[in-house]
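The values are calculated or read from the model by the stated rules, or taken from the named source; none is laboratory data. As the structure is a prediction and not an experimental result, all values here were calculated from the model. Neighbour counts are summed over all protein chains in view; Cβ atoms, including those assigned to glycine, are modelled from backbone coordinates with ideal geometry. Remember, those area values only see protein heavy atoms, side chains included, never the ligands or the DNA or RNA. Shrake-Rupley method; radii C 1.70, N 1.55, O 1.52, S 1.80 Å.
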Amino acid sequence: REAEPAALENRAPRLCGLRLLLVEDNLTNQQVARELLSNEGASIDVADCGQAALDAVLGAANRYDLVLMDIQMPDMDGYAVTRILRRTHPSAELPIVAMTANVMPADREAARNAGMDNHVGKPFDLNQLVEVILHHARGHAAPPAAAPPSSDLQSGQLLNSQAALVRFGGNRGIYRHTLLSFCEESRSLLEGLLRARADGQRQQGVQLLHTLKGLAATIGAETLAMLAAGEEKTLRDPAREWPADHEELAAALAQADQAAQLLAEQLECSAPPAQPEEAELAAKLATLTQLLREANVEAVQLFIALKQQHGIAHPDEFARLDAAIMHMNFAEAIRICEDMRPQKAPQT
């Protein structure tokens, strides 16, 4: 029913005042988690690998209230990062919650043995994740144990959008942008998988399939997620050969891609006017432009806040703006701001 997600979207923020570190190497997952948790009032820093997570925690002037830790990362896994952090940061001081698509009992046990305080599956349910954060960061009552995801797929369903939208806390805007990000990234993942197969790069294939599985599950592409999980399991077993081909996976991806694009268009057409938010962004970009012209250090803080709030909706623009500001190329940053502003101005 449509009324329920809309009600969820209007709920008051529940994480105000909390400072969280999100450790996640996938850009789409970063954007989804950061935007949803920021909407709940949390202040979010992102580390895109294990070493960056160590640097963020050990070098922080003000401690984090909680760390959300991805497990499978290219440099070191989340277990290794947690073991290192536990040498100086006990659970009472720094709760660490695992976030991973692997939700078998053995995975939960591995998380506990590494020193993690809890385990949340991907794709995460926003309400469950908020409850887990509040439990460990503020001592709220423990949430009920989440049932493991069912392996029974709804017959022939390309996108289980209703379940996905509930996991997004009813936020249609973030869900729509995630659908579009999936369309762009999933094709690159398939191309990378085919190259890894040709080059015999088995571990790279595992990583790519793991990422595809998570992205597909996030948007509700359950059939694609199931196929990616099956091929990932095959590649993880050194005694088994590569799948004979990836044709079934590619066909499911093409169907999910088409369904995601169609749903994104429908969500855009049905979305209420966003003029107040766009006007706010235009006004803040004007302020940012002025700060950049003055070479004012406050420009960096304003940019960070804008990126957290609007980055998922305008990833390309904010990526270019990030690069320009970080390289102190203020002239280029000003040009990007000015290019963005007319697109965000309200229609008259």
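Quick one: order Phe124, Phe318 from most to least accessible surface, probe 1.4 Å. Show your work: numbers first, answer last.
Values: Phe124 25, Phe318 5 Å².
Listed by decreasing accessible area, they come as Phe124, Phe318.
Taking θ = phi - 60°, what integer Hz values does the Karplus form 6.51 cos²θ - 1.76 cosθ + 1.60 yield along the range 304-321, in sequence order, with x for Gly and Pro?
4, 5, 5, 5, 5, 7, 10, x, 5, 7, 9, x, 5, 4, 6, 5, 5, 5
Quick one: what are the phi-derived ³J(HN,Hα) couplings along the range 63-77, Karplus 6.51/-1.76/1.60 with θ = phi - 60°, whole Hz, x for glycine and proline?
So the J values, rounded to whole Hz, are 5, 7, 7, 6, 10, 9, 10, 5, 9, 8, 9, x, 8, 8, 7.
For a test of the definition: using alpha carbon positions, the gyration tensor, and the 1.5 limit on a/c, classify the chain as rounded, prolate or oblate.
Working: a/c = 1.45, a/b = 1.21, b/c = 1.19.
Here the chain falls in the rounded category.
With all protein chains present, how much of the accessible area of the chain (probe radius 1.4 Å) comes from carbon and sulfur, to the nearest whole percent?
Working: 8940 of 17130 Å².
That share works out to 52 percent.
Calculate one ³J(HN,Hα) per residue across the range 210-223 by plugging θ = phi - 60° into the Karplus curve 6.51 cos²θ - 1.76 cosθ + 1.60, and present them in order as whole Hz with x for glycine and proline.
Per-residue couplings from phi come out as 4, 5, 4, 4, x, 5, 4, 5, 4, 8, x, 7, 5, 4 Hz.
What residues have an amide H closer than 5 Å to that of Val46, excluding those fewer than 5 places away on the same chain, when H is modeled at 1.01 Å from N in the peptide plane?
For Val46, the qualifying residues are Leu22.
Could you sort 21-30, 328-337 so that the peptide with the highest average Cβ count within 10 Å comes first and the rest follow in order?
21-30, 328-337
Any chance you could count the Lys pairs in the chain whose alpha carbons are under 15 Å apart, treating pairs 8 or more apart or on different chains as valid? List each step's numbers first, then the result.
Numbers: Lys122/Lys213; Lys213/Lys233; Lys284/Lys307; Lys284/Lys344; Lys307/Lys344.
Pairs that pass both the separation and distance tests number 5.
As a check on your grasp of the helix formula, calculate [θ] at 222 nm for the chain: sum -39500 (n - 2.57) over DSSP H runs of n ≥ 4, divide by the residue count, round to the nearest 500. Spell out each step's value before the answer.
Values: 15 runs with 211 residues, N = 348.
After summing the helix terms and dividing by the residues of the chain, the value is -19500 deg cm²/dmol.
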